[in-house]
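The values are calculated or read from the model by the stated rules, or taken from the named source; none is laboratory data. Note that the structure is a prediction, hence the values are computed from the model and not measured. In this analysis, Cβ positions are derived from the backbone assuming ideal geometry, glycine residues included, and neighbour counts consider all displayed protein chains.
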Amino acid sequence: MPVRLRAWQREALDRYIAADPTDWLECATPGAGKTTFTLAVAAHLWQTHVIDRVIVVCPTDHLRTQWIGAAGALGLDLRDTPNSERLPSDAHGCVVTYAQVAQKPALHAARAETHRTLVIFDEIHHAGDQMSWGAGVIDAFSHARRRLGVTGTPFRSDDAKIAHVHYEDVGEGVLESVADHTYGYAEALHDGVVRPVTFATYSGRSTWNDSVGEEHTAILGDSELTRSSEEMAWRTALDPDGEWIAHVMAAAWARVNRLRDSGQIPHAKVLIPASNQEVAKEYAEVWNQVTGNRASVIVSDDAASARKLADYRDDPDTICAVCVRLITEGVDVPDAAVLIYSTTASTPLFFAQMVGRVVRARNRRERATVFLPAVSRLLDLAAEMEEQRDHVIAPPTEGDPLEEAERERNEPGEGGPGWQAVASDAILGEVIETATEPSDGGLFALDGLLTPAQERALLARDEQARAEKAKKVASVRRARRASQEALSRQERREDLIALQHAGGSVYDEITDPHEMRREISTALKDFARDHRLTPQAAWGQLYREIPGEKNDAAPMHLLQRRLIWLHRH
């Protein structure tokens with residue numbers, strides 16, 4: 001079956017045919033159609049008898065299924081043959097994962113070398129040559145007839161080289177990856193291949209308790225914040241029981257319904273990433289409380305994830321999906337047009353992949369919206385959306401001890417044992433647009449596309465109502481959490497009494513200092529509440545009663561004495 005190509009795909013294919021290369025690196029922005037280009041190369045090489053086998057290597061099982069379907073639509077029969085089975089003789093090839101190759105590189109080398117094989121590396125940035133996946137594809141495919149790497153994000157977050165990619169020394173020992181053809185976001189935007197993106201940033205006040213119970217408050221987006229304080233404010237904003245996330249969900253619900261009601265994207269959908277499965281379930285619950293709409297929870301180790309993802313993609317009535325990792329790259333859901341950036345992952349790689357899930361366009365009237373915490377790193381990445389990146393490896397250096405200490409001091413913390421979000425709210429900030437001044441000069445003159453100022457005015461409508469709704473939802477959730485914590489405290493006290501009556505001590509059972517510090521932090525919150533003290537005053541009294549090192553440095557016997565004192569009082 002002939003392949004219908006976009007202009008950039010035809011240009012890239014013509015360059016490939018003219019170069020007739022052994023290795024080729026194609027970098028095309030997420031949503032541009034890398035799979036179609038790659039299969040066009042495979043079809044050409046097959047028809048001209050250069051190859052008689054195709055092997056696709058991809059990161060996940062879901063992408064493997066997606067590749068098999070795309071290849072089948074073009075007449076290529078690729079199988080998901082396990083390592084334990086022989087590749088069927090009537091197949092054109094197979095689709096495997098990087099993990100499969102890493103497990104048995106010799107097996108895959110045999111598959112590639114017994115035929116004239118084209119090996120396609122999907123999302124090749126995963127193949128760091130110092131890692132098991134990279135080492136595996138080097139061992140397996142170094143002698144293949146042809147190798148074609150494709151990626152929408154041609155860089156890594158570490159200094160590992162990408163396997164089968166050429167690097168050039170650009171001076172002073174700096175190495176930079178070299179793509180054979182690049183199709184960037186700016187070009188794709190100009191061609192109408194991807195959607196322009198509106199980044200709606202939300203600031204707000206965040207309040208949290210640190211690991212020793214001290215309360216802190218910061219404004220998300222305050223340029224004077226240290227990196228650690230910004231990280232804590234950011235984590236607090238993303239707390240499922242806070243007002244910030246509920247408010248932003250209400251804004252996303254308004255935006256997706258506007259897209260649907262206006263006919264711009266009749267089946268528009270919302271995507272919400274989560275840091276883990278527990279948070280994903282809570283986000284889905286918050287979404288339902290705010291909107292009355294049921295969100296689908298899609299996680300990678302759920303046996304039903306493939307079915308849920310297909311339902312999200314194909315069912316017009318499934319509007320929102322909360323996901324963990326599964327949907328960061330390669331997943332094609334054209335109706336996904338609204339993203340809530342609800343994770344603290346902030347590498348350029350993750351950011352580009354996540355935003356890439358909502359930029360796939362079908363007409364020039366479509367626009368994607370990303371609701372973004374007002375965090376400096378994210379704002380910088382949003383402003384750089386149109387810039388092309390390569391993988392850059394700096395020369396190794398021996399670190400200055402003072403610089404190392406300063407960097408460590410400024411690294412964002414995890415909050416530590418006892419850290420707890422207290423409260424947050426959300427305030428609409430600036431609106432960042434991609435391609436506000438396109439080369440044709442007419443983007444915002446097109447029907448349905450607004451200027452940045454108009455976009456912000458539209459987003460600002462009903463913000464007070466959203467804030468009130470968020471406050472009610474957060475209040476209910478915080479009350480429920482407080483009730484659950486009170487019940488847990490009561491159960492712990494009952495356990496303590498039972499152990500003491502039996503002649504034992506709960507303190508003797510705790511051998512981990514971190515666990516002991518968590519117990520102290522919890523007990524001190526109860527003590528402060530019962531005696532109507534601020535957390536700072538409660539800690540001060542504890543240190544006066546049981547003097548010695550601060551809690552984070554105190555030895556175990558001192559921690560035990562403090563916990564005993566708190567339970568007695």
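From the list Glu85, Glu168, pick out the single residue that is outside any loop (DSSP other than H, G, I, E, B), assigned by TED's automatic domain parsing to the domain that holds Pro21 and among the charged types (D, E, K, R).
Glu168
Would you confirm whether any residue within the range 258-276 is surrounded by fewer than 17 Cβ atoms within 10 Å (Cβ to Cβ) and either within 19 Å of Gln420 (Cβ to Cβ) or in the same structural domain as Gln536 (by TED's automatic domain parsing) (or both)?
Scanning the range 258-276 turns up at least one residue that is surrounded by fewer than 17 Cβ atoms within 10 Å (Cβ to Cβ) and either within 19 Å of Gln420 (Cβ to Cβ) or in the same structural domain as Gln536 (by TED's automatic domain parsing) (or both).
Please state which one of Thr38, Thr81, Thr22 is farther than 30 Å from His190 by Cβ and either at pLDDT below 95 or crowded, with 19+ Cβ neighbours inside 10 Å (or both).
From the options Thr38, Thr81, Thr22, the qualifying one is Thr81.
Among all residue pairs at least 6 apart or on different chains, which show Cβ distances below 8 Å where the first residue, located in the range 531-543, is closer than 19 Å to Arg561 by Cα and the second is of a type outside the set (Asp, Glu) and loosely packed, with under 15 Cβ neighbours inside 10 Å?
Final answer for the pair search is Ala538/His531; Tyr543/Lys550.
Spot the failing condition for Ser439; the list is (1) modelled with pLDDT of 80 or more; (2) not in a strand (DSSP E or B), and only one is missed.
So Ser439 meets the others, but not (1).
What tally of residues in the range 71-82 results from selecting those that are among the hydroxyl-bearing types (Ser, Thr, Tyr) and part of a helix (DSSP H, G or I)?
0
When the range 222-249 is examined, which residues are found to be of a type in the set (Gly, Ala, Ser) and either surrounded by 23 or more Cβ atoms within 10 Å (Cβ to Cβ) or outside the structural domain of Phe371 (by TED's automatic domain parsing) (or both)?
Correct list: Ala233, Ala237, Gly242, Ala246.
Inside the range 183-206, can you point out the residues that are in a strand (DSSP E or B) and surrounded by fewer than 17 Cβ atoms within 10 Å (Cβ to Cβ)?
Of everything in the range 183-206, nothing turns out to be in a strand (DSSP E or B) and surrounded by fewer than 17 Cβ atoms within 10 Å (Cβ to Cβ).
Six or more apart or on different chains, Cβ atoms under 9 Å: show the pairs whose first residue is in the range 312-323 and in contact (Cβ under 8 Å) with a residue 24 or more places away in the chain and within 11 Å of Ala336 (Cβ to Cβ) and whose second is part of a loop (DSSP other than H, G, I, E, B) and polar (S, T, N, Q).
So the pair list comes out as Tyr312/Thr318; Ile319/Asn293; Cys320/Asn293; Cys323/Ser300.
Would it be correct to say that Leu450 is modelled with pLDDT under 75, of a type in the set (A, V, I, L, M) and surrounded by fewer than 18 Cβ atoms within 10 Å (Cβ to Cβ)?
Yes.
Take the range 544-569 and flag every residue that is farther than 17 Å from Arg518 by Cα and assigned to a helix (DSSP H, G or I).
Arg544, Glu545, Arg568
Quick one: how many residues across the range 282-294 are more than 18 Å from the chain's Cα centre (by Cα) and without any contact (Cβ under 8 Å) to a residue 40 or more places away in the chain?
Selection size over the range 282-294: 4.
Please determine, by comparing only the residues of the range 499-538 that are among the acidic types (Asp, Glu) and at pLDDT below 80, which one is nearest to the chain's Cα centre (by Cα).
Among residues in the range 499-538 that are among the acidic types (Asp, Glu) and at pLDDT below 80, the one nearest to the chain's Cα centre (by Cα) is Asp512.
Would you confirm, using the coordinates I've provided, whether Arg260 is farther than 28 Å from Gly221 by Cα and of a type in the set (D, E, K, R)?
It is true that Arg260 is farther than 28 Å from Gly221 by Cα and of a type in the set (D, E, K, R).
Of (1) at pLDDT below 85; (2) not in a loop (DSSP other than H, G, I, E, B), Gln541 satisfies all except one. Which?
Result: Gln541 passes all but (1).
Give me the residue from the range 64-81 that is in contact (Cβ under 8 Å) with a residue 24 or more places away in the chain and under 15 Å from Thr117 (Cα atoms) and, out of that set, farthest from the chain's Cα centre (by Cα).
Looking at the filtered set, the residue picked out is Leu76.
State which residue pairs qualify: first residue among the polar types (S, T, N, Q) and inside the range 82-95, second residue part of a loop (DSSP other than H, G, I, E, B) in any location, beta carbons under 7 Å apart, and separation of 6 or more residues or different chains.
Asn83/Lys104
Any residue in the range 161-171 that is more than 30 Å from Asp139 (Cα to Cα) and β-branched (Val, Ile, Thr)?
The answer is no, given that none of the residues of the range 161-171 is more than 30 Å from Asp139 (Cα to Cα) and β-branched (Val, Ile, Thr).
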